[in-house]
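Below you'll find the structure, written out as structure tokens, and then a few comments.
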Amino acid sequence: MKILVLNAGSSSIKFELFDMPAETIEVRGLLQRIGEGESQLGWKVGDESRKLARPVADHAAGLRWILDEIGVGGAGPAIGAVGHRVVHGGEAFADTVLITPEVERAIEKHAALAPLHNPPNLLGIRVARELLPGVPQVAVFDTAFHQTVPPHAYLYPLPYELYTELGVRRYGFHGTSHRYVAERAAVMLGRPFAQTNVITCHLGNGASVTAVAGGKSVDTSMGLTPLEGLAMGTRSGDIDPAILPFLERVRGMKLSEIDSMLNKKSGLLGLSGLSNDMRALLSAEAEGHARAKVALDVFAYRVKKYIGSYLAALGEVHAVVFTAGVGENAAPIRERILTGLAPLGIELDLDRNARAIGVEADIATPASRTRVLVVPTREELAIARDTYRVARPG
Ligand code: ADP
């Protein structure tokens, strides 16, 4: 059964076509700059890459182009189901679901909580339904895995009505990735998932840490929105909320300006004044760039603090797991994060760490009580598996 996985952003559509249950990737690619003049479509079939450019007015024209080029739907092989990445499912979805009109309405309702993400995700769903009539559409939510987080971890110490009336609480994101790498970690550890405690660090441009107890998410660093938690590429993560009124008072900044600053001009970019890109910062630091160093110090220190707090939350931890662009590849950053944690039972093997780049590996010393694992994330595969589980015939 062919499963098309779609991740629709405001001006892009990321896609991956799987044959399930074999899990073979047939095509993967990205359409960028929708509605911005010349759009670019790049995709890979096996080892062969292709690139095309032409104006694409909207998501519907974009998806039509993708389907034509990759030769599915229409005259080509039939698609059995489409799996959509949807960022915010609020409290309504603790698992993957078949999309019905009711589900669509719920995704629309949650747009207030994820105004940058849910509207384009929903557009992707509507366009796919139009172009592939009768094909089951499935929604896989970034928030779903974290629906097991208990109230003491998801409630903010604010007036309770903000939660009951407006849904102001921690939801958490990157759930599909945290779940996938936690499950892989259990396999690598040789433990049943339901008896596995891990701390998963998804460190990409966006970054979050999750505490998993007995295979369930029990706390996570992102909150109502993806702004909370770690210092990220351009997001501040945790700050004193009183900085907001302070900036209003002394700088006359509007809330919308502060919001944009916190999301787009802070984090690694804001501190370094150079880049949000980890590779660029590591080379700048090597050349003596002082603010690149301080940005990396802050980044690593904050991951370390979250690991420490989740060690306390979980008690027993079988592994700390690193994933996403930085977590999978940046050995010097993993080293920086874990340095000094030996007294807490986490001991990195420096040689194993340096060798583990983009591959699954155990990089702890043999004596380390808690294992340290690198697990490349495969969110699209996780979405394809879920979609197959929900939409397969019979
Ligand atoms: P996104 O959140 O955009 O999906 P990714 O998971 O792709 O992000 O991670 C992007 C980050 O990973 C960038 O900061 C990039 O510099 C970093 N990264 C990728 N490869 C390496 C590498 N080999 N060494 C260090 N950092 C890397």
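The values are calculated or read from the model by the stated rules, or taken from the named source; none is laboratory data. Please read these numbers as outputs of a predicted model, since none were measured by experiment. In this analysis, Cβ positions are derived from the backbone assuming ideal geometry, glycine residues included, and neighbour counts consider all displayed protein chains. What goes into the accessible areas is simple: the full protein's heavy atoms, side chains included, and nothing from ligands, DNA or RNA. Shrake-Rupley method; radii C 1.70, N 1.55, O 1.52, S 1.80 Å.
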Over the range 30-150, relative contact order from alpha-carbon pairs under 8 Å, at least 6 apart, %: 27
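Dipole magnitude of the range 147-290 about its Cα centre, charges +1 at Lys/Arg Cβ and -1 at Asp/Glu Cβ only, in debye to the nearest 20?
280
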Probe 1.4 Å, accessible area per residue of the chain, Å²: 45
Apportionment of accessible area to carbon and sulfur, the chain, percent (1.4 Å): 54
Subset of K14/K254; K216/K305; K14/K304 violating a 23 Å alpha-carbon distance limit: K14/K254; K14/K304
Of L381, S256, N197, farthest towards positive along the dipole that unit charges on Lys, Arg, Asp, Glu beta carbons give the chain: S256
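Give me D for the range 136-241 in µm² s⁻¹, whole number, from Stokes-Einstein with Rh from the Kirkwood sum over alpha-carbon pairs, 4 °C and 1.567 mPa s.
This corresponds to a translational diffusion coefficient of 89 µm²/s.
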Sparse-neighbour loop sites [chymotrypsin sites (Phe, Trp or Tyr not before Pro); the range 263-359; at most 16 other C-beta within 10 Å; DSSP]: none
Cut-off 13 Å between beta-carbons: net charge of the residues surrounding T96, Lys and Arg +1, Asp and Glu -1: +1
Part-to-part distance (alpha-carbon centres) for the range 87-156 and the range 261-325, which is given in Å: 29
Equivalent ellipsoid semi-axes, the range 49-99, via Cα gyration tensor eigenvalues times 5, rooted, Å: 28, 16, 10
Per-residue ³J(HN,Hα) for the range 179-195, Karplus 6.51 cos²θ - 1.76 cosθ + 1.60, θ = phi - 60°, Hz, x for Gly and Pro: 5, 4, 6, 5, 5, 4, 4, 4, 4, 5, 7, x, 10, x, 4, 5, 10
Euclidean distance between Cα centres, the range 232-256 to the range 1-66, Å: 37
Residue-count net charge about A57 - beta-carbon cut-off 13 Å; Lys, Arg +1, Asp, Glu -1: 0
Relative contact order (%) - the range 294-394, alpha-carbon pairs under 8 angstrom, separation at least six: 26
Local electrostatic count at R191 - Lys and Arg +1, Asp and Glu -1, tallied over other residues with Cβ under 15 Å: +1
Sequence-separation-based contact order of the chain, relative, with Cα cut under 8 Å and 6+ spacing, percent: 14
Principal axes of the chain: Cα extent on each, largest first, Å: 61, 55, 47
